[in-house]
Amino acid sequence: MKYLIINSGSSSIKYQVIEMTTETVLATGLVERIGEAAGRLKNIAFPGSDRELTTVIEQPIADHANGMMLVIAALTDGEKGVISDTSEITAVGHRVVHGGEQFLHSTLITPEVINVLEKNIPLAPLHNPANLDGIRVAREMFPNVPQVAVFDTAFHQTMPRRAYLYAVPHELYERYRVRKYGFHGTSHRFVAGECARFLGKPLVACNLITVHLGNGCSMTAIENGCSVDTSLGMTPLEGLVMGTRSGDVDPALHLFLKQNVGMELEEIDNLLNKESGLKGLCGMNDMRDIHAAAAGGDERAKLALEVQTYRNRKYIGAYMAVLGRVDAIVFTAGIGENDAVVRAESLKGLDMFGIRLDPEKNSEHSRQARCISHTDSTVRIFVIPTNEELAIAREIADLTAK
Ligand code: AMP
């Protein structure tokens, strides 16, 4: 059982081949700069016993079909490939950003599913068309195997309407489906499942706050294993302070910027998505650079850390109120898994809620899932590496077994 997992972006294809009986990654790679003058594929194969074989191909890559042909060439390469031909791939999984309200679960891709994804393009104009490109190409190149769509939004479809509705005229929801959808659902669901195993009880008996802090950041309140609130919104802009995205702002900021700075709506959208967040506050969006600058006395870097961790704390408090009882808080993704300072600052002063970090456990570096709370902490605190590709592969295994 070898699955190909695809994350197709507007100019890139990220992929992994996973051998499912042992959940082992056989190859991972990235095709970049599709449609540009200089395209690039990097494939890393893991043919066993800790060996790593890297292939880099640099050439113009006209479109996703071209990109996928290069991927297949790298995977089936006689010397550095991990499969002898495409028939060894038994299923293909696609990460799809926006499933709208139609998809509560992952689904086998059919022409009807593609139709619905096309209808959802207005909800994710940058992401869904790119995901659809990947789906179309993979269906042509792997015509005889199940193809599965796994949605970033699906896990959050259990949110009650009090959490997902915005207080705007209700017709906007009825006619245009304006509402909170939430994203990073595959990651939140994966770490929640892993956390339940640590807690030694079924996920449906767990109340959790999962904190995904990477380039994009989001937090989810999970009640009895189901998402009941999440910080990202109708688009992946609401909520926490991210690498380049602002998270929450007063919605009247748009009018202010238009009237006082002379900006157009599209420029404001670009400002909030690409020039804000940590980058907007201090000019850097990689947390490692921000720590180095803060250690050197850079006041703006310190400010960015302060604003981000304060927002995290505020959301944790809000989700404690949403859930009442919380079994555990889980940190994941690039910052959440690696940054002891951000974790400590995000939980500072929450002792009265029964949240107590163990400073020594928190500062230990590890790639493993681990508990970092003090033995006195009534809410346990975990660091659990996310693995969206494996989560997608497990979804395929579940779906195709039915
Ligand atoms: P992700 O989106 O999950 O890949 O996370 C990427 C982000 O994680 C980077 O932009 C960094 O800000 C952050 N990151 C990665 N490694 C570290 C680290 N060792 N310490 C702090 N932040 C890190």
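The values are calculated or read from the model by the stated rules, or taken from the named source; none is laboratory data. Small disclaimer: the values here were computed from a predicted structure and weren't measured. All Cβ positions, glycine included, derive from the backbone under ideal geometry; neighbour counts span all protein chains shown. Heavy atoms of the whole protein, side chains included, go into the accessibility calculation; ligands, DNA and RNA do not. Shrake-Rupley method; radii C 1.70, N 1.55, O 1.52, S 1.80 Å.
Worth pointing out:
- Near Val148, the amide H atoms lying under 5 Å from its own belong to Val92, Gly93, His94, Ile109; only residues 5 or more places off or on other chains count, and H is placed 1.01 Å from N.
- Look at the alpha carbon pairs under 8 Å that are at least 6 residues apart: their mean separation over the length of segment 175-267 gives a relative contact order of 22 percent.
- Among Glu299, Glu266, Glu88, the residue with the largest mean-square fluctuation in a Gaussian network model of the chain, with springs joining Cα atoms closer than 10 Å, is Glu266.
- Cα centroids of segment 215-243 and segment 313-340: 11 Å apart.
- Surface share of carbon and sulfur [accessible, 1.4 angstrom probe, percent] for the chain: 53 percent
- For segment 128-250: rounded, prolate or oblate by the Cα gyration tensor [a/c cutoff 1.5]: oblate
- Projecting the Cα positions of Asn207, Asn260, Ile6 onto the charge dipole of the chain (unit charges on Cβ atoms of Lys, Arg, Asp and Glu, taken about the Cα centre) puts Asn207 furthest along the positive direction.
- The dipole here belongs to the chain: it is taken about the Cα centre, uses +1 on the Cβ of Lys and Arg and -1 on the Cβ of Asp and Glu, and is about 840 debye.
- Kirkwood Rh (inverse of mean 1/r, distinct Cα pairs), segment 81-153, angstrom: 12.7 Å
- Relative compactness, the chain, computed as alpha-carbon Rg over 2.2 N^0.38 Å: 1.00
- Rel. contact order, % - alpha carbon contacts under 8 angstrom, at least six apart, segment 80-164: 49 percent
- Secondary structure note: in the chain, about 65% of the DSSP beta bridges are antiparallel.
- Rounded if a/c under 1.5, otherwise prolate or oblate - segment 1-68, Cα gyration tensor axes: oblate
- Average accessible area per residue (Å²) across the chain - probe 1.4 Å, nucleic acids and ligands excluded: 46 Å²
- When the Gaussian network model of the chain links Cα atoms closer than 10 Å, the mean-square fluctuations of Glu101, Glu388, Glu171 top out at Glu171.
- The Cα atoms of segment 38-128 give a gyration tensor whose axes a ≥ b ≥ c have a/c of 1.5 or more with a/b greater than b/c, which makes the shape prolate.
- Averaging the sequence gap over all C-alpha pairs within less than 8 Å and six or more residues apart, then dividing by the number of residues, gives the chain a relative contact order of 13 percent.
- Gaussian network model of the chain, Cα within-10 Å springs - most flexible of Leu323, Leu347, Leu126: Leu126
- Spatial separation of Cα centroids for segment 17-56 and segment 146-182, in angstrom: 34 Å
- Pairs exceeding a 31 Å alpha-carbon distance, out of Lys274/Lys302; Lys42/Lys119; Lys80/Lys279; Lys80/Lys361: Lys42/Lys119; Lys80/Lys279; Lys80/Lys361.
- Size of electric dipole in segment 61-197: Cβ of Lys, Arg +1 and of Asp, Glu -1, about Cα centre, debye, nearest 20: 780 debye
- Ranking Tyr319, Gly185, Gly247 by how far each Cα lies toward the positive end of the dipole of the chain (charges on Cβ) leaves Tyr319 at the top.
- Point-charge dipole on Cβ atoms (K/R +1, D/E -1) for segment 256-397, about Cα centre, debye to 20: 460 debye
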